[in-house]
1. Against the conditions (1) of a type in the set (Ser, Thr, Tyr); (2) within 30 Å of GLY458 (Cβ to Cβ); (3) assigned to a helix (DSSP H, G or I); (4) open to solvent by 40 Å² or more (accessible area, probe 1.4 Å), where does TYR203 fall short? Just the number, please.
2. If the Cβ limit is 7 Å and pairs must be 6+ apart or interchain, which residue in segment 520-535 that is touching a residue at least 40 places away in the same chain (Cβ under 8 Å) pairs with which residue that is open to solvent by 70 Å² or more (accessible area, probe 1.4 Å)?
3. Determine, yes or no, whether LYS362 is among the basic types (Lys, Arg) and free of Cβ contacts under 8 Å to residues at least 40 places away in the same chain.
4. Output yes when any residue across segment 333-348 is surrounded by fewer than 19 Cβ atoms within 10 Å (Cβ to Cβ) and more than 30 Å from TRP373 (Cα to Cα), and no when none is.
5. Pick out, from segment 502-597, the helices (runs of 4 or more DSSP H) lying fully within it that include 1 or more residues that are at pLDDT 70 or above and open to solvent by less than 30 Å² (accessible area, probe 1.4 Å).
6. Here are ARG151, ARG138: which of them is at pLDDT below 60 and either in contact with a strand residue (DSSP E or B) (Cβ under 6 Å, 6 or more places away or on another chain) or surrounded by 13 or more Cβ atoms within 10 Å (Cβ to Cβ) (or both)?
7. Looking only at segment 311-332, which residues are open to solvent by less than 50 Å² (accessible area, probe 1.4 Å) and outside any helix (DSSP H, G or I)?
8. LEU435: closer than 28 Å to SER131 by Cα, surrounded by fewer than 23 Cβ atoms within 10 Å (Cβ to Cβ) and more than 26 Å from the chain's Cα centre (by Cα), yes or no?
Amino acid sequence: MAINTIMKNKTYNVVSSEGSGGDGNSSSPPSSPRRQTSGFSQCRRRLRSKVQLQYFRKDSLAAGIFVRRNIQFLLLLFFLYFSGLMMCVGRFSDFLRHSREPIAIYKSHVLLEKLWHDIETDNSTALELSSVWQFKRRMKVQKPCPVLAARRRLGSVEVSSGPAGYLIVEANGGLNQQRSAICNAVAVAGILNAVLVIPSFGYNSVWKDPSEFRDIYDEDHFIATLEGYVKVVKELPDELISKYDHNISNIPHLRVEAWAPAKHYLGEVYPVLQEQGVIRIAPFANRLAMNVPSHIQLLRCITNYRALRFSAPITTLAQKLVNRMIERSSMTGGKYVSVHLRFEEDMVAFSCCLYDGGDAEKSEMHSFREKGWKGKFKRKDLDFVAGRNRIDGKCPLTPLEVGMMLRGMGFGSNTSIYLASGKIYKREQHLAPLLKMFPLLYTKESLATSDELAPFQGYSSRLAALDYTVCLFSEVFVTTHGGNFPHFLMGHRRFLFNGHAKTIRPDKRMLVGLLENMTVSWKDFKDDMEAMLLESDRKGMMIPRVRKFNRKNSIYTFPLPECDCLQSHDSSRGINNTLIVLDPQLEATRGRVPVSD
């Protein structure tokens, strides 16, 4: 109340001083009696007030004009800024995003040097390979088993109507992409009730392997295993191929969309097959959806885990390599760890990651990309910031980083390690730290003689088949950078070892963060690596819930529950069937007897 009175008084006094009488209706208190002053004094006061009012009005006018002009100028600036922002919003937003995101720099070699004394002396707590896995699970077998039902169903269709025609496919890519194409081709032949011609392999500019089907797989075993499910022939009958001048390329060629469902083949492909008697689908990678009827899904299982057996030369040498790894793992009961290392020159270049080679490495990788992929990496929509790729977990792990991770998880220096890899980038330089941490480090080149490897040199798929087999029978498999090789291998190990993957899949984002921390202690690093191992184990035993016709993930990586019944069915019939026969004496010491043909 007092504040209001004071404010009203102030208002009244200001108005009075300007010589205007108060409003008769005003609630302001009456004015004080005027002092008697001379006329001169009153005139001087009025003159001063008038002059002040004139200056006030002039100042107010000038200030108003100034403010209005400033506002217009600011509005113009804002409009220009906003227009420019809208024109280059993509680049500008990228700039903001890049500037705010942390950029990782390769420092792993510095951290190794800092922690080396602790790593070298930390064998007292090395874990036993037999106790690596805390989670184990055995799948419940499907009842009734669909194997016999599928055989009867597929066989009855073929007998009742006869085959609709011949299916030719061209499998492209490396070893395991081709494997996927072969399994899918058998499944499509089942859908179409077609006779499958042994798939041909397209020549890949990256893999540069001219191998044919029979060079990698046992053709006769493939045909015999699928008998009663899908008919397979080595080549087209003469009377049919003669219609096309004995030239496969003259046969009607269909291009099928990726991940096509079974109904697409029945609705679009089947009529052409019936009309022409033979069709060709090329390329044939990922051309069939994962979600197919159960009896077709079973064809994939039979093909992948029974029909595709490596050829005799590969199987013979692979058996020797596995047995030699077991012999060299005597300190760990015949058990060994396999690591799939993706640190080849082409992989490092393709990932656009930088390590500790400085400007020379950057220039070398740029030249390799230009040579291998022409102008692909110059596209404006591609963004290759090496530091961000690294912190996002997109960079291949180096041998040094793999070694630190495994030592942190508790694997001692007496652990035998098999390294599956192509030609490692700067091999001697990058392998030295891993060999320092794990002296018992082996590769196919160190296990086999030069004469034994000679027939395989220059054939990347055959060499990959050797690596695949040795990794398959390791106690622990470590994947470092994704791809078809580890995904097929993880699935195969799940199939063989009752649903438990026995695979380490590192959290590369977490690992990179730790390797960037120059203040981390060896104890803290170990705690985090042991937690990572536990989480990898937990995820490894997880089996996707698969209901009827709703599978979304790969059956080659997660073969259960659909393929498990195949194993139990074969076991009940006394069938032992896998890729390799091992020395029973060595396997007895190792504690695992893999099934064999």
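The values are calculated or read from the model by the stated rules, or taken from the named source; none is laboratory data. None of these values were measured; they are calculated from a predicted model. Cβ: placed from backbone, ideal geometry, glycine included. Neighbour counts: every protein chain shown. For accessibility, only protein heavy atoms count, side chains too; no ligands or nucleic acids. Shrake-Rupley method; radii C 1.70, N 1.55, O 1.52, S 1.80 Å.
1. (3)
2. MET532/ASP507; LEU534/GLN134
3. Against the criterion (among the basic types (Lys, Arg) and free of Cβ contacts under 8 Å to residues at least 40 places away in the same chain), LYS362 qualifies.
4. Checked against the condition, which is being surrounded by fewer than 19 Cβ atoms within 10 Å (Cβ to Cβ) and more than 30 Å from TRP373 (Cα to Cα), segment 333-348 yields at least one hit.
5. Working: elements: 508-516, 522-540, 564-572, 584-590.
In segment 502-597, the matching helices (runs of 4 or more DSSP H) lie at 508-516, 522-540, 564-572.
6. Within the list ARG151, ARG138, the selection yields ARG151.
7. SER311, SER329
8. Spelling it out, LEU435 is indeed closer than 28 Å to SER131 by Cα, surrounded by fewer than 23 Cβ atoms within 10 Å (Cβ to Cβ) and more than 26 Å from the chain's Cα centre (by Cα).
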